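Notes follow the structure.
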Amino acid sequence: MLIDTLNLLILEESYSHSVNMVINRLKTALNASSDAELCRLINIKPPTLVNWRKRESLDHDLILSICEQKQIDLNWLFMGADKIDLVSEAKAA
């Protein structure tokens, strides 16, 4: 039971970290220097971004739409890797 609880905590922290990483990568991809600028660029209000971080969730439909419009690589945005990295990892496994 303790191990299950610890695994859940690790997963929650990992997902929280990944939400922040996605937001930071999105800022990088859009050349946004601040959260406020990112909000302006993706047409959301600043409290929405704060809620994404707090709730550890994203508006995936909006993010996917932005990625399609701006040709942002989803592999890089969500996993920090480009397609070449993922193929290399799969071959090595």
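Using θ = phi - 60° in the Karplus curve 6.51 cos²θ - 1.76 cosθ + 1.60, the 3J(HN,Hα) couplings for the range 37-51 round to 5, 4, 4, 5, 5, 9, 6, 10, 7, x, x, 5, 5, 4, 5 Hz; x is entered for Gly and Pro.
The stretch between residue 51 and residue 31 holds 5.0 nm of extra length on full extension. This uses 0.36 nm per residue minus the Cα-Cα distance.
Any read-out appearing in this document is the output of simple, stated calculations on the displayed coordinates, not a laboratory observation. Worth saying up front: this structure is predicted, and the values here are computed from it rather than measured.
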